[in-house]
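The values are calculated or read from the model by the stated rules, or taken from the named source; none is laboratory data. Computed from a prediction, not measured in an experiment: that's the story for all the values here. A quick note on method: Cβ atoms are made from the backbone with ideal geometry, for glycine too, and the neighbour counts reach across all protein chains shown.
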Amino acid sequence: MLVLGIETACDDCAASIVRDGTDILSNVVWGQKDVHERFGGVIPELAARRHTEVITRVIEAALNNAGVTVDALDAIAVNNQHGLLRSVVVGVTAAKGVSLATRKPLIGIHHIEGHIYSAILSDQSVEFPHICLAVAGGHNLLVLVKSIGDYQIIGRSLDDAAGEAFDKVAKELGLGFPGGPQIDKLAAEGNPVRFPLPRPLLNKPGYDFSFSGLKTAIRELLTKLGEEVSRSQADIAASFQRAVVDVLVGKTVKVASDLGISQITVVGGVAANSELRTRLSTELKSRGIRVAFARRDLCTDNAAMIAGVAYHYASAGQFSDMTLDAYPSAPLGQRKELYKRQSERLRS
Amino acid sequence: MIVLSINSASQFVTCELSDDHKVIVHKRLKAQSFVSGLPRLIEDALTSAAIEPTQVSLWSAVTGPGSWTGIRVGTTLIKAIGFATSRPTVGLPLFDLVAAAFAPRTPMVDVMSLARPGLVFFGTFDTSLSPPKTLSQIRLVEESNVARVLGSSSRTIWMGSDSRPEGVSPDICEVVSSSDLPSGWLTASAVQYLESGVPHEPHVLVPEYHMPFPAEPSSQER
């Protein structure tokens, strides 16, 4: 079964062709760094404009790279449930256009469900149930994944997501956008214990996260250091990264131990962070817990994860129709409830 | 030649399907949501005429000015359909259509609409030519300056709402709605534009007349 996936949650315009849920035939991502870099963050209106300009070119590239035509597709899948609304609208509309034109079924997918599935796309030996640490710029979750479509959120960020904190601290340090890879690179040259920083909620009960206090601590540190900041950038980056990683690793290890889960997956943009990958691997392996990371090219937003997970819904005959709407956020794993509410709203 | 055109510049969305210049379906609805409403409108139009998407020879969409979301959804939908059916797509500039429809054979027509509070899109057209010609690039004008920039035009059209700009007398300014374009106007204009040689590759169909950044809605949190 060939599924075309479309993903436009934020500033990446992506399309992919995946066969039978795991075989990635193409995975095209049109980034917008050139558009947003000067602002130090993503401007939603400009992101949506660029998506509108390039969306059909990206779909065409995905089809060409896969060596298939639209007629060969079995379904069209799109992220319709998480992201910048104006951007999500473009992806959903394009998916509907292709679906309407070809009479191929349409499937709406939750962006975070796609990310969770990116670990399975990367490592097909991942089994259920497992705990997924989904850590990116827009979300920070610990999810108990019982099966495809059956998710239980165990922990979440109460304020900023870890990826957002990475971006904002990078901006404070003048490192450019996106901030995660810049901090990761700079931290490798710094002393991670030079500046004592808080590890928010690490030793508190529960599995929730909070990174806004850490961000504030960095801002106060920069003020205190004054002109010395430029000479201490690597140490600041390393200390900040260590604090974030300590919290992510600590909470993940705790939830796995408490629930007796023997497998962890790690997905999302921050899953590409070198220190997080090394530390989690070491900590979990020493406890006999298996860890699977999303492939680096599947950590950031991509459409292969959307097409991949959609295969399972298509196989079960669970399709959407032209009433499919776009949402900036929606509860994870509540497809049926969401569509029921939508149908009721349209009927009224 | 079967042509399908949409106008999503306002909440009153129009879909027009014609076959050899004869309108066979003309549907209009008040869209609660462009994303869910517009595709269903097109699907309904095709179904009611028993026409398959692949039978349509030309797709077109209004490119603005108008509702930001409406125009974005309309152009994205039509370019995706045009791409998937390998058919040409044509963008329909709304002011040109309005000038030609409501002030035909007129050498100087000023058309305006509200871009955002205090700011107006403004353009001047010559509809005595075929196809009608844009005499000035559509530009943004402060609402308080509109009366000053009105030229020695034969007609002035205010599009969208009845609250005309300050200083513009109802005696010289006609109020029209884009959704009141005559039946057949969208599809006939699409054919005319295609025949005039405008680019018609689906990839190039995009909204026009954006508000320059950063004078646009502020950023929203994810």
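Points worth noting:
- The set of residues from the range A:28-48 being among the acidic types (D, E) and modelled with pLDDT of 90 or more comprises just one member, A:E45.
- Residue check: A:I59 meets all listed conditions (1) among the hydrophobic types (A, V, I, L, M, F, W, C); (2) over 18 Å from B:I78 (Cα atoms); (3) at pLDDT 95 or above but one, namely (2).
- Strands (runs of 3 or more DSSP E) within the range B:49-124 that include 3 or more residues away from chain A (no Cβ under 14 Å) and at pLDDT below 95: B:109-116
Conditions (1) polar (S, T, N, Q); (2) surrounded by 12 or more Cβ atoms within 10 Å (Cβ to Cβ); (3) closer than 17 Å to A:G174 by Cβ, marked per residue:
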position: A:V193; (1), (2), (3): no, no, no
position: A:L197; (1), (2), (3): no, yes, no
position: A:L214; (1), (2), (3): no, yes, no
position: A:E220; (1), (2), (3): no, no, no
position: A:G226; (1), (2), (3): no, no, yes
position: A:Q233; (1), (2), (3): yes, yes, yes
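- Pick from the range B:15-28, criterion out of contact with any helix residue (DSSP H, G or I) (no Cβ under 6 Å at 6 or more places or on another chain) and assigned to a strand (DSSP E or B), ranking: surrounded by the fewest Cβ atoms within 10 Å (Cβ to Cβ): B:K22
- The range A:55-69, subset within 8 Å of chain B (Cβ to nearest Cβ) and β-branched (V, I, T), residue surrounded by the fewest Cβ atoms within 10 Å (Cβ to Cβ): A:T56
- Scanning the range A:152-162 turns up no residue that is over 18 Å from the mean Cα position of the chain (by Cα), over 22 Å from A:L2 (Cβ atoms), of a type outside the set (V, I, T) and at pLDDT below 95.
Table: residues versus (1) modelled with pLDDT under 95; (2) farther than 26 Å from A:E189 by Cβ; (3) within 14 Å of another protein chain (Cβ to nearest Cβ); (4) assigned to a loop (DSSP other than H, G, I, E, B).
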position	(1), (2), (3), (4)
A:T265	no, yes, no, no
A:V291	no, yes, no, no
A:V309	no, yes, no, no
A:A326	no, yes, yes, yes
A:P331	yes, yes, no, yes
A:Q342	yes, yes, yes, no
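- Some residue of the range A:13-23 being part of a loop (DSSP other than H, G, I, E, B) and surrounded by 17 or more Cβ atoms within 10 Å (Cβ to Cβ): yes
- Test for B:S153: is it in a loop (DSSP other than H, G, I, E, B), surrounded by 17 or more Cβ atoms within 10 Å (Cβ to Cβ) and of a type in the set (S, T, Y): yes
- Just so you know, in the range A:70-103 the residues that are assigned to a loop (DSSP other than H, G, I, E, B) and at the interface with another protein chain (Cβ under 8 Å from one of its Cβ atoms) include one that is nearest to B:V73 (Cα to Cα), and it is A:L84.
- Answer from A:V68, A:V18, A:V92 - the residue that is within 18 Å of B:P207 (Cβ to Cβ), among the aliphatic types (A, V, I, L, M) and in contact (Cβ under 8 Å) with a residue 40 or more places away in the chain: A:V92
- Note on the range A:266-314: residues that are at positive phi and of a type in the set (K, R) amount to 0.
- Count of the range B:177-200 residues which are part of a loop (DSSP other than H, G, I, E, B) and either away from chain A (no Cβ under 14 Å) or modelled with pLDDT of 95 or more (or both): 8
- Candidates in the range B:29-50 are the residues that are without any contact (Cβ under 8 Å) to a residue 12 or more places away in the chain and among the small types (G, A, S); of these, the one that is surrounded by the most Cβ atoms within 10 Å (Cβ to Cβ) is B:S36.
Results for (1) in contact with a Phe, Trp or Tyr (Cβ under 7 Å, 6 or more places away or on another chain); (2) crowded, with 18+ Cβ neighbours inside 10 Å; (3) of a type in the set (V, I, T), shown as yes or no for each residue.
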| residue | (1), (2), (3) |
| --- | --- |
| B:K79 | no, yes, no |
| B:F83 | no, yes, no |
| B:S86 | no, no, no |
| B:L94 | no, yes, no |
| B:V109 | yes, yes, yes |
| B:V120 | no, yes, yes |
| B:T124 | no, yes, yes |
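- Some residue of the range A:34-48 being on the phi < 0 side of the Ramachandran plot, away from chain B (no Cβ under 11 Å) and in a strand (DSSP E or B): no
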